[in-house]
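Worksheet for the structure shown next.
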Amino acid sequence: MTEEIEVSDFVMMSDITEETMMDLLKERFNKDKIYTLIRDVVVSVNPYKKLNIYSQKEINRYKGKNIYELPPHIYTVADTAFLNLREQGKDQCIIISGESGAGKTEASKLIMEYIAAVSGSSAEIDKVKDKLLESNPILEAFGNAKTTRNDNSSRFGKYMDLEFDFLGNPIGGHITTYLLEKSRVVNPAKEERTFHIFYHLLGGAKRDLLDKLHLSNKFDDYEYLKKSDCTIVPSLEDKTQFENITKALDCIGFTEDEKSTLFNCIAAVLHIGNLVYKADEVDDEKVKIQNPDVCSTIAELLGVKVEDLVNALTYRTVIDKNKSSNQKNIKVPLNLEKALSCQDTLAKTLYEKLFLWLVSCINRKILHGKDDGSPKYVIGVLDIYGFEIFKENGFEQFTINYCNEKLQQLFIELTLKSEQEEYNNEGIKWENVDYFNNKEICDLIENKTGSIIALLNEECRRPGEKSDKTFLDKLNTNVKNNNFFDSREKSRNNKDIGMNMFKIKHYAGDVIYTIDGFIEKNNDLLYNDISFVLNTSSDPAIREMFPQNMDNLKTPETISTQFKNSMNQLIKNLTTKTPHYIRCIKPNNKKEANLFDDELCLHQCKYLGLLENIKVRRAGYCYRKEFSKFIERFKLLCKETWPNWRGKPEEGVEIILKKVGISPDDYCLGKTKLFIKKPQLIFSLEDARNEKENDIATIIRARWLGYTYRKKFKNDIYNIILVQSMIRSKWEVLKFRAIISKAVLIQKIWRGYITRKNLKKEYIKYPKYCVKVISDHWKYYKSRKMLNEMKDVSKKASNWRSVQWPDNVYANHRYLKDSYQILKKVHDRINAKKYRKSLNPERKDYLEWKCSAMDNFKSKASWADSAKDKYDNDGLKMSENPKWKKICTDNSKVVQSFDCTKFHRRNLKKEVPRKFVVTENDLYLITTGIGLKDKMPFANIKEIGCSTKKDGVIIFHTSEPKGDLMIRTDNKCIEAVSQICLAAKKKGNNIKVTVSDNQNFNNTKATTPVEFANGSGKLTVNAGKDKIVVSVPQ
């Protein structure tokens, strides 16, 4: 344990009180150390500023490390969960809790980003990662909103299962959401906003989309948006956010129809808020819609009939059963109050159904559908709302606080269970820990009979008039004697509790709830008339949102029952996994950096149960460590264990503890771990280790310096001797060469003298015919010498093309120059023939491809770079794609595939991403989703045009009815056109390639000159009066 760990784990505090806990938390926050441990639980304080602790460097630093090896970080929780899943094969879950603005959403994104970074990588795996990560901005846009506490507050609970294969690679996921705050759609609080997506759509969408949805980009044009007097959030730029949302939808795989459904429903909600009712002039119990044009717009967006929608918004159908059991449908008009309520209920329900449909769509697209029989594991990430205590608390706070009660109960049970299991596994006696058990509070809220939820449902289902007051009376009658329940009737002297209120004594503190709206929000029913109308929509997605089963008219479950069942299912799911916890704390309500509100933070620490958790973790022994790791850290404290301990681990531990004077009463040895009671003993061990480290560092430094200087001295001596030896050797060589040269000179002079002396005598003896013989022998000698020299240099060369011929001797020789040149050509031709025979068919085709590229494009500026590149046949692996096999029905071989962008024939400024595939028979232009857009046989291509510049624009001059085709592929231009020419040539079609900066483009209406010019920045297409100019960056 280092000095950092000494002050970063609450369990290591010597005195455990609220004051010491807050002092440590504040001290670390002021030093920008926002993470603190409670053993393996991470407490995170929102810094409200960017910290440089989330880079790829930090991810690599924490990868595979023990939670105590480095300073506390959210990455330690993610890494521990991931390692446990991969090494132990057990499902994991990470539970993130805290109040709004504490940083839960950011924490969950950091968890997912870390796991994505440290898990495996391949094209398929990276695609899955992108889908999982891109689900976050979509859910944030549709489920988050600006509140007074947080500019990006999650207004729903989210549990996400990340699925992994047995190698630890992500293969899919599944998202479950809880209790969307749909009332925010129609009635956001002052200085708050409704959900982000409304503002992103209006402020970020293009004009043509807004016109299609009958929307303007003015927020104040819509009643639901201007209610709260807050439409702008400086930290959220609507245009950028909307672009991110559309990119995320495309990444996950949403179709155009699905995106259209999303935006149509969002626009419909805004238009619903603009409906204006007025009472009928004759009958006050009837209403009319003053702006029927708005109603027509809503009907168009939802794909229903206008008349049906108007009737559903102004009438409701009542089923009357007479004595003969014949059903009669009676249409009852709505008065103004009920019509306005129906209007808001439609908006809320439509948005809620849309949100649930969106989540189900994401689940379908990220779900791992393959079942290959191999084991699969899960890491669950729970981002749930924290405990809420406001000045006025209603039904929403009741459900949220009930959720936190359940999670606190699970947290205490699993914490105590893990502590007890560790003690039992190590053979140490477990001491019971006193703690607050909130099971009675959970029973008060959720029991099947006599609980608050049961009584609320009973009041909602009973016939006759239902009221919140009657519900409160039932509470006072049935749960009045519960110790954790209070009301005005129970405590008449308590003026804090109003007549329409009740109080629950939660584990985090007492909360007073106002009962107004409990019945309405628990029922939250939409008139069947509207459901029937929406079920007739021409949009199948909307019909899916509003299913109708006339055979089952059973009353639907109430909101509280649905939430209770989902919470029980969540708890059941979490208990099957190994839990990890992140407790998030908001330092202040002003959303300011470097501001720590002690009272606010203490309040959050209380309702998160941090002090109680510390006491549970601290019970008995505050420090525990495996024997081997303890010895490895503290072995330098005594001679017996330094530098390596060879004996039993437990004996080495006892020797170290005895050396530093720790009494056996202050520690206990388990089967594999050492347990120490007092944190002061750990501090003393660390102090002793730090002192010893300094002594050892001094010794190591001295020995290292001695070693380096000795090594340098020996090296200098060796170099001096080596230099002396080389100088002496060189001197002797020079002397020997001088003697030899003088001896040769003397021999030469003597032989010359003897030859000249006898020349005349010998000359007289030779007949005339000997001259020709001598001449022939001399030429034979020179020829043989030339052949031998040529043979030698050819053997020395690394390959037959790099032979250094003796041109300086024989290239201009009087008799041998012609023979010399012929022999060189024979040598090259023989070796070239051998080389061609050694080539396999694939290599021959590749060289032919390169040669074709050189012949056609040697005048193009990018040829020099292309010549160095390795050409790739099927770069997109289309032959392995099952969708391609449906497009290419003749099963012809793919010889080239690459990504490109296609220029619109009527407007060359517009580019669309496409994929281009060349087969043995045809050319295919397909969409990025692998759908056929165009198919051209080679016979229909008359000519291909390219510029001389470094662009990737290709113009196909065709005989197709659509006219010419113009595409752009920045890196594949030369190799693509060369391959097309080769493929066409094999089919008997010779395609001409024109490389020029002046081209023509025919779009069937007219032939327009296209000029390529030098430019800067990126490639742009500009339309002139009589020509099109393509500006190519140099």
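What follows is calculated from the coordinates using simple rules that are stated; it is not laboratory data. All values derive from a computational prediction rather than experimental measurement. Every residue, glycine among them, receives a Cβ derived from its backbone with ideal geometry; neighbour counts consider all protein chains shown.
Numerical summary
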| read-out | value |
| --- | --- |
| Distance between region 598-660 and region 497-550 - C-alpha centres, whole angstrom | 51 Å |
| 0 to 90° range, to nearest 10: angle between helix 123-143 axis and the chain longest Cα axis | 30 degrees |
| Low-density loop cleavage sites - GluC sites (Glu not before Pro) in region 512-615, where at most 14 other Cβ are within 10 Å (DSSP) | Glu557, Glu592 |
| Per principal axis, descending, Cα span of region 623-751 in whole Å | 109, 27, 19 |
| GluC sites (Glu not before Pro) lying in DSSP loop within region 184-287, provided at most 14 other Cβ fall within 10 Å | Glu191, Glu237, Glu281, Glu285 |
| Loop-located trypsin sites (Lys or Arg not before Pro) in region 100-197 whose Cβ has at most 10 other Cβ within 10 Å (DSSP) | Lys190 |
| Estimated [θ] at 222 nm from DSSP helical runs (n ≥ 4, -39500 (n - 2.57)) normalised by residues in the chain, nearest 500 | -15500 deg cm²/dmol |
| Zero-based 10 Å bins, Cα pair distances in the chain, whole percents | 2, 8, 12, 15, 14, 13, 11, 9, 6, 4, 3, 2, 1, 1, 0, 0, 0 |
| Order of Lys972, Lys692, Lys625 - criterion: other Cβ atoms within 10 Å of each residue's Cβ, fewest first | Lys692, Lys625, Lys972 |
| Solvent-free Debye scattering, log10 I(q)/I(0), computed from the Cα coordinates of region 906-976 at q = 0.11, 0.22 Å⁻¹ | -0.27, -1.17 |
| Proximal charge balance of Ala508 [Cβ under 11 Å; K/R count +1, D/E count -1] | -3 |
| Spatial separation of Cα centroids for region 146-171 and region 1010-1025, in angstrom | 46 Å |
| Region 10-62 and region 269-284: distance between their alpha carbon centers, rounded to Å | 55 Å |
| Extension reserve of the Ser491-Lys757 stretch, reckoned as 0.36 nm per residue once the Cα distance is removed | 80.7 nm |
| Cα→Cβ-extended label distance, 7 Å offset, between Lys127 and Asp687, nm | 6.2 nm |
| Surrounding net charge for Ser228, when Lys and Arg each add one and Asp and Glu each subtract one, Cβ distance under 10 Å | +3 |
